[in-house]
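A short write-up of the structure that comes next.
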Amino acid sequence: MDLTLTTEEQEVRKWVRTFVDKEVRPLEHTVLERERRHEIGLRPDELKELQNKAKSAGFFGVQTPEKYGGMELGAVMSALIETEIGRTFVPFRFGGHADNILYYANDQQKDTYLVPTINGDRKSCFGITEPGAGSDAKQIRTRAVRDGDDWVINGEKTFISSGHDADFCMVFAVTDPGKGADGGVTCFLVDREMGWTSSPIDTMGEWGPASLTFDNVRVPHANILGEEGHGFDLAMQWIGRGRYMIPARSIGACERLLDMAMEHARTRVTFGKPIADRQAIQWMIADSAVEVEALRWLVLVAAWQVDQGMDSRHAQSMAKLFGGIKANEVVDRVMQIHGGMGYTRELPVERWYRELRLTRIYEGTDEMQRRTISRNLLKGYARVQGHLG
Ligand SMILES: Cc1cc2nc3c(=O)[nH]c(=O)nc-3n(C[C@H](O)[C@H](O)[C@H](O)COP(=O)(O)OP(=O)(O)OC[C@H]3O[C@@H](n4cnc5c(N)ncnc54)[C@H](O)[C@@H]3O)c2cc1C
């Protein structure tokens, strides 16, 4: 069993680490200041400028196929990159990315939706959640009814990330109520100009999801993504991607937070000694370091299984569940180690505290991951010994 990174993995990781340190982290102060004035932390033109800098160094499209100008890197490499980006709270991501399910587009749709999204000229959003259907996504009620060469969509979506500034939405709607999610849900590519409206939802984090309203929105039949009736499979594929990338990003946040906690513990003196000399503080640091390391391996195993073409859903659910819980425990301890300063808005600890809370909710709550993991074990789809057993 060889757990060392390849030379390529080490080199790419080093490049990303340097880029994040030199180009992204210096923006942290500005981003915090702006967010505290309720302004957008990193403006689209600034994000684009950073992405262009990376692109000019050949860094573009982490998982995007080479045929579309991307680097087509594997899941392990992508997880390592995501961890590096997670070391800053600046909402940065490399350019050249498009949603995994857009690759199911036909040639014409690829020209209109996939390629412009990769190039950063168009912005997508993913719409499955509704006021009455979150975890139980099969209960969606948004309805699409065929009318000649069009479909007419009516319904409401909620909590849609980027929903207020996206150019188009991948909307999941019921096309055959008799069949339900198994054959009766279809994914449509719906441009904003076709008539849907959005309104932002204020959250405790800096992420601004939106609710979307579809009121007799007319969409050409040609805008079905994939096959009619097979939308639910696409939705599950889209959500599945986040199950190792979300915890991968949390690893980076936890590493950085722990560095901050140790720095503070070494310098903060109480009762004549640095608090780093106190066992209560040492144990918080030790427990956090062990848990971050355990999370790293859960994420890398899940990503490695993806690269091997194995069914990694069980491993990914484990990584998503453990990552959400542990990242929240780590940030809580880091805040505790900082005392009152941790609770202020002078330090970014409280920002991470709010942001990391989301990782236990979106793209499958903790409870849904537990449901999947226990079902896999109880039904014999997975074994407690894992894939080595
Ligand atoms: C910031 C943000 C961004 C988001 N982005 C998107 C997006 O881009 N696109 C999109 O479609 N959706 C998005 N979502 C929606 C997100 O995926 C849902 O919020 C999530 O799936 C949970 O659904 P819900 O909020 O309806 O909670 P519910 O499903 O109502 O669950 C409420 C609680 O009950 C628990 N629960 C539910 N069922 C069970 C059960 N059977 N057993 C035990 N416990 C249960 C849940 O785990 C949770 O704790 C986003 C949400 C947020 C907050």
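The values are calculated or read from the model by the stated rules, or taken from the named source; none is laboratory data. Values in this document were obtained by computation on a predicted structure and should not be read as measured data. Glycine also receives a Cβ, built like all others from the backbone with ideal geometry; neighbour counts cover every protein chain displayed.
Taken together, Gly134, Gly127 contain a single residue that is under 17 Å from Asp233 (Cβ atoms) and either small (Gly, Ala, Ser) or exposed (fewer than 15 other Cβ atoms within 10 Å of the Cβ) (or both), which is Gly127.
Looking at Leu234, Leu258, just one residue is outside the structural domain of Ala289 (by TED's automatic domain parsing) and either at negative phi or over 22 Å from the mean Cα position of the chain (by Cα) (or both), and that residue is Leu234. Residue pairs whose Cβ atoms lie under 8 Å apart, sitting 6 or more positions apart in sequence or on different chains, and linking a residue in the stretch 370-381 that is among the β-branched types (Val, Ile, Thr) to a partner that is within 11 Å of the ligand (Cβ to nearest atom) and not in a helix (DSSP H, G or I), are Thr372/Gly364.
The test for being more than 9 Å from the ligand (Cβ to nearest atom) and under 24 Å from Asp45 (Cα atoms) does not hold for Phe214. The strands (runs of 3 or more DSSP E) found entirely in the stretch 154-201 that carry 2 or more residues being assigned by TED's automatic domain parsing to the domain that holds Phe126, within 15 Å of the ligand (Cβ to nearest atom) and over 14 Å from Thr129 (Cα atoms) are 185-191, 197-200. Scanning the stretch 360-381 for residues that are among the β-branched types (Val, Ile, Thr) and more than 10 Å from the ligand (Cβ to nearest atom) yields a total of 2. Restricting attention to the stretch 366-381, the residues that are surrounded by 13 or more Cβ atoms within 10 Å (Cβ to Cβ) and more than 25 Å from the chain's Cα centre (by Cα) total 1.
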